[in-house]
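Visitor: To start, I am sharing the structure in question, which I have written as structure tokens.
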Amino acid sequence: MRRLLRCLLFAALPCIPLAASFNPAVAAADCRPAAIERLRAAAPDGFAIYQQTRDKKFFLGWIACGEPQFSLPTAVHESVHYITAETDAFPLIGGGQFARPHEVSAFFAPSLIAGKFKPNDFVTTYLRPGSASSAGDFLYLLDELNAYTHDLDTAIQLNRSRVATEQEAGEDHRDGLAALMAFVALYVERAQASEPATWRGLTQPRVARTITELWGRAERVMASSCGIPNFGTEDKTLIRQFCQVGPRAALQKITGRAPACPMACLNETPVAARDADMMPTGSVRPNPAASFAPFLSRGVRRGPSRPDQ
Ligand SMILES: [Zn+2]
């Protein structure tokens, strides 16, 4: 949960890049060039997000020299939101982008499914009113699903490339994507069961294709993480939820295929990670006319304080 808290702390500041200049650890030894080089060498999809982030200070402001992986997964996550707001499109793992389907903002509020989950910080942040935009707008739940897909993908790549002496234990990288996959799956299940207008909207080709593309990438990245032990603390509970029959059946109606349950992530003894079936890295074309304002006001707006801070 440490990473989530850090996100929340920084997201509350409109001048995020300044955070680095007041960080004593950064002042003592600027790790940022080394961090970016490590990202380039180990995590090409994460590096692609760095390249696509027009304001490099924004990305660099999330790097924390004293933290495992220099907090690069968080930097990638937040920069995915930045690019999404600026281009009005979801940048995809493997390259390319998908235009945001704004019609989903008219769907029922994701906060209505909060009661389906055991209380945790992800539920509080992303489904309870008053924190993230995703509580009231399904478009931002998809934004978070995509950001956490990139987040976990970068964490996996960095984990695989680490030197033997590095300590990465206790990280909870898998929790975020597990939570967002569970939220999206149970949202779709509720829509099919009792929200006919939203269900009609979800089955429209443009919306269905967006969900299919984002879900497929989330699924592959999640599966590719299963061989890494101790990569989550709440992940198993959340994965079991989206692996239930109801959410899977509803998702199958949208995506046209049965979702693959990442069973290996539920094993107590980790198995060898399955190689992710990723496409080559591509690029997006930022729209210079796009406003940055929606990002600050809606993209990653989260609660200013946490009960366990
Ligand atoms: Zn986010």
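Visitor: Go through (1) hydrophobic (A, V, I, L, M, F, W, C); (2) within 16 Å of the ligand (Cβ to nearest atom); (3) at pLDDT 90 or above; (4) under 23 Å from F231 (Cβ atoms) for F10 and report which single condition fails.
Guide: (3)
Visitor: Ok, one more. Is at least one residue of the range 58-71 surrounded by 24 or more Cβ atoms within 10 Å (Cβ to Cβ), in contact (Cβ under 8 Å) with a residue 40 or more places away in the chain, among the hydroxyl-bearing types (S, T, Y) and within 16 Å of the ligand (Cβ to nearest atom)?
Guide: So far as the range 58-71 goes, no, none of its residues is surrounded by 24 or more Cβ atoms within 10 Å (Cβ to Cβ), in contact (Cβ under 8 Å) with a residue 40 or more places away in the chain, among the hydroxyl-bearing types (S, T, Y) and within 16 Å of the ligand (Cβ to nearest atom).
Visitor: Now for a separate question. When you go through Y140, Y187 one by one, which is the residue that is in contact (Cβ under 8 Å) with a residue 40 or more places away in the chain, in contact with a Phe, Trp or Tyr (Cβ under 8 Å, 6 or more places away or on another chain) and of a type outside the set (V, I, T)?
Guide: Working: Y140 fails: in contact with a Phe, Trp or Tyr (Cβ under 8 Å, 6 or more places away or on another chain).
Result: Y187 is the single residue among Y140, Y187 that is in contact (Cβ under 8 Å) with a residue 40 or more places away in the chain, in contact with a Phe, Trp or Tyr (Cβ under 8 Å, 6 or more places away or on another chain) and of a type outside the set (V, I, T).
Visitor: A further question on this structure: Restricting to helices (runs of 4 or more DSSP H) lying wholly in the range 157-262: which have 3 or more residues that are basic (K, R)?
Guide: On the way: elements: 173-194, 196-202, 205-225, 235-242, 245-255.
Where helices (runs of 4 or more DSSP H) fall fully within the range 157-262 and carry at least 3 residues being basic (K, R), they are 205-225.
Visitor: How about the range 187-211: which of its residues are touching a Leu at 6+ places or on another chain (Cβ under 9 Å) and of a type outside the set (F, W, Y)?
Guide: Applying the first criterion (touching a Leu at 6+ places or on another chain (Cβ under 9 Å)) to the range 187-211 yields 187-192, 195, 208, 210-211.
V188, E189, R190, A191, Q192, E195, A208, T210, I211 - these are the residues of the range 187-211 that are touching a Leu at 6+ places or on another chain (Cβ under 9 Å) and of a type outside the set (F, W, Y).
The values are calculated or read from the model by the stated rules, or taken from the named source; none is laboratory data. Because the structure is predicted, anything quoted here is derived from the model rather than measured. Reconstructed Cβ throughout: ideal geometry from the backbone, glycine too, with neighbour counts over all protein chains shown.
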